[in-house]
1. How are the C-alpha pair distances of segment 2-223 spread across 10 Å bins, as whole percents from the shortest bin up?
2. For segment 2-13, in order, what is each residue's ³J(HN,Hα) by Karplus, 6.51 cos²θ - 1.76 cosθ + 1.60 with θ = phi - 60°, in whole Hz (x at glycine and Pro)?
3. Mind listing the long-range amide H neighbours of V218? Cut-off is under 5 Å, sequence gap 5 or more, other chains count too, H placed in the peptide plane at 1.01 Å from N.
4. Contact order normalised by length for the chain, with contacts defined as Cα pairs under 8 Å and 6 or more residues apart; what percent is it?
5. For the chain, what is the charge dipole size about the Cα centre, in debye to the nearest 20, if Lys and Arg each add +1 at the Cβ and Asp and Glu each add -1 at the Cβ?
6. Just to confirm the number: angle between the C-alpha axis of helix 100-110 and the first principal axis of the chain, 0 to 90 degrees, nearest 10?
7. For a quick check: with amide H placed at 1.01 Å from N, whose amide H comes under 5 Å from I163's, ignoring anything fewer than 5 positions away on the same chain?
8. Add -39500 (n - 2.57) for each DSSP H run of 4 or more in the chain, then divide by its residues: what number comes out at 222 nm, to the nearest 500 deg cm²/dmol?
Amino acid sequence: MLVLNDVHKTYQMGETQVRALRGVSLELPPAQFSVIMGHSGSGKSTLMHLAGCLDVPTSGHVEYGGMDLTTLSSRERADFRSSEVGFVFQKYNLVGNLTALENVALPLLLRNTTAKQAQAQAREALDLVGLKERMTHRPAKLSGGEQQRVAIARSLVNDPTMILADEPTGNLDTTTGERILKLLRRFTDNDKIVLVVTHNPEIADMADRVVYLRDGQVESQQFQEVAR
Ligand SMILES: Nc1ncnc2c1ncn2[C@@H]1O[C@H](COP(=O)(O)OP(=O)(O)O)[C@@H](O)[C@H]1O
Ligand SMILES: [Mg+2]
């Protein structure tokens with residue numbers, strides 16, 4: 001369970017303060033596909049950063065599996081991220097001169113996994129996103145949807161328990177975007193928490209829960225039964 005308890009985040013911009021989150025409380029259980037919607041500037045990305053332990057709140061608490069993430073050192077936060085969190089961004093952030101396989105293996109190599117083991121896990125992750133046939137291609141040779149699937153494979157290669165995707169389909173056409181979201185949703189079958197920021201109402205229809213943010217606060221939450 002990921003719990004945000006009265007989370008505030010204020011950015012200092014020179015003389016002015018930007019109150020990006022103003023008292024957000026949420027409880028996200030495993031095996032749930034949740035979507036965050038809200039206008040630009042409503043605090044969606046800030047919320048994702050705090051959920052994924054990329055940043056710390058100004059006040060309030062973020063807890064994961066009973067552990068208070070706000071008390072961790074920066075080293076412990078990095079460890080938490082690399083073992084528990086898979087990030088997917090709008091920009092795929094793939095390394096241009098590496099193949100799909102090498103891109104996916106990279107996080108493992110950075111964690112001192114042996115090259116052989118990293119390759120095996122990367123193959124498996126690429127297989128999961130349906131890209132086994134494209135493993136030796138460099139990003140430039142892949143479509144936008146394929147590149148995002150490589151990025152998803154990379155985010156999954158550590159077998160994280162939480163997948164955070166910030167507008168993952170922003171650069172994709174609607175059909176490809178929906179395919180990507182269905183793929184992300186599948187990981188809730190393995191008890192993962194999947195949290196996705198999107199502007200697409202059709203994607204929100206696929207979610208177990210839709211959280212609407214407005215001016216740094218949860219304006220409303222909608223729970224829905226979705227066919228799987
Ligand atoms: N690193 C930062 N420094 C200063 N202000 C920021 C920073 N990140 C976000 N903000 C501000 O915080 C508010 C919320 O931003 P953000 O979380 O990115 O919203 P969203 O993702 O919903 O567009 C905005 O006003 C934005 O300008
Ligand atoms: Mg954003």
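None of the figures in this text is laboratory data; all of them are computed from the coordinates on show. This structure is a prediction, so every number in the text was calculated from the model and none was measured. Positions of Cβ are generated from backbone atoms using ideal geometry, with glycine treated the same way; all protein chains shown enter the neighbour counts.
1. Pair shares across the bins are 8, 33, 35, 19, 4, 0.
2. Whole-Hz 3J(HN,Hα) from phi for segment 2-13: 9, 10, 10, 10, 6, 7, 10, 9, 10, 9, 8, 10.
3. Counting only residues 5 or more places away or on other chains, the set is S25.
4. Numbers: 453 pairs, mean separation 64.6, N = 228.
Relative contact order comes out at 28 percent.
5. Numbers: 25 positive and 27 negative charges, 148 e Å.
The calculation lands at about 700 debye.
6. Between helix and principal axis, roughly 60 degrees.
7. For I163, the qualifying residues are G86, I193, V194, L195.
8. Values: 7 runs with 74 residues, N = 228.
The per-residue figure over the chain is -9500 deg cm²/dmol.
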